1. Does Lys510 satisfy the criteria of being of a type in the set (D, E, K, R), at pLDDT 90 or above and open to solvent by 80 Å² or more (accessible area, probe 1.4 Å)?
2. Consider segment 466-489. How many of its residues are closer than 21 Å to Thr402 by Cβ and either hydrophobic (A, V, I, L, M, F, W, C) or open to solvent by 30 Å² or more (accessible area, probe 1.4 Å) (or both)?
3. For segment 142-155, enumerate the residues that are open to solvent by less than 50 Å² (accessible area, probe 1.4 Å) and assigned to a strand (DSSP E or B).
4. Select from segment 164-178 the residues that are part of a strand (DSSP E or B) and in contact with an Asp or Glu (Cβ under 7 Å, 6 or more places away or on another chain) and write down the one among them that is surrounded by the most Cβ atoms within 10 Å (Cβ to Cβ).
5. Which members of segment 239-266 meet the condition of being of a type in the set (A, V, I, L, M, F, W, C) and either assigned to a strand (DSSP E or B) or within 28 Å of the chain's Cα centre (by Cα) (or both)?
6. Show the residue pairs that are 6+ apart or on different chains and have beta-carbon atoms under 9 Å apart, the first residue being within segment 26-37 and closer than 10 Å to Phe106 by Cα, the second being open to solvent by less than 20 Å² (accessible area, probe 1.4 Å) and of a type in the set (D, E, K, R).
7. I'm trying to understand the selection: among the residues of segment 355-379, which are assigned to a loop (DSSP other than H, G, I, E, B) and open to solvent by less than 30 Å² (accessible area, probe 1.4 Å)?
8. If you take the residues of segment 179-206 that are open to solvent by 60 Å² or more (accessible area, probe 1.4 Å) and part of a loop (DSSP other than H, G, I, E, B), which of them is farthest from Phe143 (Cα to Cα)?
Amino acid sequence: MADQEDYAPTKKKLSEEAEKRRKKVTPGSLMKAIIRSGEGTEKPKEGDQVTIHCTTRTIDGVIINSTRAEHGGKGNPLRLILGKSNMILGFSEGFPTMLKSEVAMFKMKPEIHYAEEDCPVTAPDGFPKDDELHFEIEMVDFFKAKVVSEDLGVVKKILDEGQGWESPREPYEVTARIIAKTVDGKQTLLGREEPYLFTIGKSEVPKGLEMGIGTMARREKATVFVSSTYLTQSSLMPSLEGLEDVQFEVELIHFVQVRDMLGDGRLIKRRVVDGRGEFPMDCPLHDSLLRVHYKGMLLNEEKTVFYDTRVDNSGEPLEFSSGEGLVPEGLEMCVRLMLPGEVAIVTCPPDYAYDKFPRPANVPEGSQVQWEIELLGFEMPKDWTGLTFQEIMEEAEKIKNTGNRLFKEGKFDLAKTKYEKVIREYNHVNPQDDEEGKIFVNSRNSLHLNVAACYQKMNDVRKSIESCNKVLDANPAHVKALYRRGMAYLLGGDFDESKKDFEMMMTIDKSSEPDATAALLKLKQKQQETEKAARRQFKGLFDKKPGEIAEVGADPRDEKNPHEGEGRVEEANIDGKATVKPSPDMGATFAFEGEKVGIFGRIWPSGRRFLSSLGLNRCSIL
């Protein structure tokens, strides 16, 4: 045995807690003697996984416990990660001094092993933790660890780096070579000559192995260490009896990208032929001009083909710009996640296929379809850099007109995206004179108000008001912005703010008086409807004697004419003057504000507003 030496290792960087623990290592409390020299010069560092055999003895040489089979253990080495695994202080200070294959004896005072104050690990039952002990350690192996699971139950060692950075995930289809061994690598549990094909998420391999493969790139080779917690039964390893830790040697040969586009299994994109470039950096951007060949099939027994660009389009590909609603939504969603040259099979439900899009004559209503799509290529959106002011405004007008078309088609979200794209581009536009400045400001204001109109149609009153405020903050006298914000307040049930905006319109511009008057009439009708509904809801509530509870409900006699008193709803005219017309349904929800809101007011705010108007705002319900 080599000469013994005191050991108090130094580290460049220590956490506050590690530094506090390290101060407990006093001279003579931790001694090391080398029994067998190791290999090389590398020593374990923080973040490395160490694989060790450990035999613990008393000072008299009596074996207390061991990982070795010849000393009564199970024969499985321990796996610990420096800086992450909980371990006794003597281990965390001693392991970084060892070489691979080295065998050393560490003599530890009680305060350096399990008798340490606030020791992070518990001593085994009957362990003499208050005695000075010898720990014989064999450093089997160590390497830089990739922690896959937070509890360190799945750890990966990279042998050969892979290609790209995309990794498989549910429900990707994976082809891999897999060999399973005991944790020390000495006994093979499973060896497959042929690559194994499985689908992530279908429990076809043990859970821990699936998690490890989910961090690998194509063509990567790695060893995945899996603890018993993550060794679930699967078709790969149906029997796990007697196994604790297993190491899997994996070569990820290939994987097929399978994407659940909606997260509910209805719209599935499966990559058949890989494209060129890296996913998703080289996929089409919004507003790209796309060129695709596609074949559409019904999902019936005959797999009836209802359209094929190579046949029905004179062999020419389909060209369309993304984000303009020119193809079924499900098709565009999938094409935008394809690489040039990629071929994909897309299975699409009716509501993302042709139920909301002009349906081919030979596609029955409610049909689920399948498309075979090849992305030939795409052109990026036009770069405005270097364009003159006039050219920029012409490009902006084109995009704005597309947004107007989408708005009229009822595709409010797509329309909003178009308007917002131009607004973002305007952040880099600098008009050169007053005339250009006036044109620019008018165009930007118009876009903000168009966005506000989209939000109103999407029943997002708060964001509609925010868009109007972006105009009114700079120009409080902007009549059209006041009108649109007033309508947003009206839809949201804030009648006071709505009235202020409509009255302000007439003060600023007498020509807007007809529109403002019509809006105020609509507001009054809506208030009356709300008050009438509140009276029905609270009928008899205040007729009870003190101490009695009244049931809140509508009087059946007041429900004879459910449409009585309905008003008119705004029809947004995107770039012209807003108009009003009769509508059978407002389709709005109401929200009210107050100074102090009790529990009753929070339950039904519109009722609170009504009671306040009747002078009953201080009433309480017993």
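The values are calculated or read from the model by the stated rules, or taken from the named source; none is laboratory data. This is a predicted model, so every value here is computed, not measured. Here the Cβ positions follow ideal geometry from the backbone for every residue, glycine too, while neighbour counts run over all protein chains shown. All accessible areas refer to the heavy atoms of the entire protein, side chains included, with ligands and DNA or RNA removed. Shrake-Rupley method; radii C 1.70, N 1.55, O 1.52, S 1.80 Å.
1. So Lys510 fits the description; yes.
2. 0
3. Within segment 142-155, Phe142, Phe143, Val147, Val154, Val155 qualify.
4. Residue satisfying both the conditions and the ranking: Ala176.
5. Result: Val246, Phe248, Val250, Leu252, Ile253, Phe255, Val256, Val258, Met261, Leu262.
6. What qualifies is Leu30/Glu93; Ile34/Glu102.
7. Scanning segment 355-379 gives Val363, Ser367.
8. Once the filter is applied, the top-ranked residue is Lys202.
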